[in-house]
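S.K.: Dropping the structure in here first, questions after.
Each value in this text was obtained by applying a stated rule to the coordinates, not by laboratory testing. What you are looking at is a predicted structure, and each value in this text was computed from that prediction instead of being measured. Cβ placement follows ideal geometry from the backbone for every residue including glycine, while neighbour counts extend to all protein chains displayed.
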């Protein structure tokens, strides 16, 4: 059985974790297959957006604890999470059921998070004597208020979808049967935008978060000036003036 199912359609790559018998806990093969899928998203000009989801009762409960005790697990976090950090194309996470530990770190690595109303979230590493190893201690406090992030990390307690939305951890909460369709609608809306503009937007935002304001503004200006030299920037203005849909050329 494939541990990760990858399907491509209309510019979107669906990446589905497929270990429902262990609530999509990830072993080395799973982590590598997800990283391969994100490599494909980044390098295939026909792909514009990724949607990450899980089969069965969970989005992902994190790393397979039985597997992580094996020698093969050494450095397992060294590929997937840096790959997500360096992606220039957007990823939407479709989250249902359990989203814990490394699963929550993968959700945090997405650009947009859509939650089903039955989902719950948490970092359980402190109860194992660990800390998150997939950027969780860095991403979470950049997304929600510091005190709330520290409470989740220190206590290993979980929160439900409503609280996750209140804190800004997820963008939307929808009924479970609408989860994938809502993510697909977001992907369709992104695809209407110029591909190079979306990629440069992500670079400016994500890199700018780690810069002082003045340096971030310079980065934004560099991205802006680069984009204004592209054919798609001209096409976008022309299409607007002619009241038609733009025909994006660059991928």
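S.K.: Please give the per residue volume of the convex hull enclosing the alpha carbon atoms of segment 195-241, rounded to a whole number of Å³.
M.R.: It is 66 Å³ per residue.
S.K.: Take residue 214 and residue 55, extend 7 Å from each Cα along the Cα→Cβ direction, and tell me the distance between the two endpoints in nm.
M.R.: According to this spin-label approximation, the distance is 5.4 nm.
S.K.: Need the full-extension length gain, residue 203 to residue 88, defined as separation in residues times 0.36 nm minus the C-alpha distance. One decimal, nm.
M.R.: Roughly 40.8 nm would be gained on extension.
S.K.: If packing is taken as the mean number of other Cβ atoms within 10 Å per residue, what is the order of 236-242, 191-197, 56-62, highest first?
M.R.: Going from most to least packed, we get 56-62, 191-197, 236-242.
S.K.: So if R0 is 41 Å, what FRET efficiency would residue 127 and residue 8 give, r being the distance between their Cβ atoms, rounded to the nearest 0.05?
M.R.: Result of the calculation: an efficiency of 0.60.
S.K.: Going by how many other Cβ atoms sit within 10 Å of their own, how do 203, 13 line up, fewest first?
M.R.: 203, 13
S.K.: Shifting gears a bit: Limiting things to C-alpha atoms, what are the Rg and the maximum Cα-Cα separation (Dmax) for segment 70-133, in angstroms?
M.R.: Rg then Dmax for segment 70-133, in Å: 13.1, 38.
S.K.: If you don't mind, there's one more thing I want to ask. Which of 105, 21, 184 comes first, and how do the rest follow, when ranked by fewest Cβ neighbours within 10 Å?
M.R.: So the residues, fewest neighbours to most, are 21, 184, 105.
S.K.: What percent do you get for the relative contact order of the chain when only Cα pairs under 8 Å and 6+ apart count?
M.R.: 15
S.K.: Next up: Which ordering of 27, 177 is given by a fewest-first count of other beta-carbon atoms within 10 Å?
M.R.: Placing the least packed residue first, the sequence is 177, 27.
S.K.: Kindly state, to the nearest 0.05, the FRET efficiency for residue 177 paired with residue 65, given R0 = 22 Å and r defined as their beta-carbon distance.
M.R.: The pair residue 177/residue 65 has a calculated efficiency of 0.10.
S.K.: Of all DSSP beta bridges in the chain, what percent run antiparallel (nearest 5)?
M.R.: Restricted to the chain, the bridges split so that about 30 percent are antiparallel.
S.K.: Ok, one more. Find, to one decimal place in angstroms, the Kirkwood hydrodynamic radius of segment 1-93, where the mean of 1/r is taken over every pair of different Cα atoms and then inverted.
M.R.: When all Cα pairs of segment 1-93 are included, the Kirkwood radius is 13.5 Å.
S.K.: Here is a further query. For the pair residue 166 and residue 32, how long in nm is the line joining their label points, each one 7 Å along Cα→Cβ?
M.R.: Those two pseudo-labels are separated by 4.4 nm.
S.K.: Same structure, new question: Given R₀ = 51 Å, FRET efficiency for residue 242-residue 72 by Cβ-Cβ distance, to 0.05?
M.R.: Computed FRET efficiency for residue 242 and residue 72 comes out at 0.30.
S.K.: Shifting gears a bit: Against the empirical 2.2 N^0.38 Å scaling, what ratio does the C-alpha Rg of segment 4-191 come to?
M.R.: 0.95
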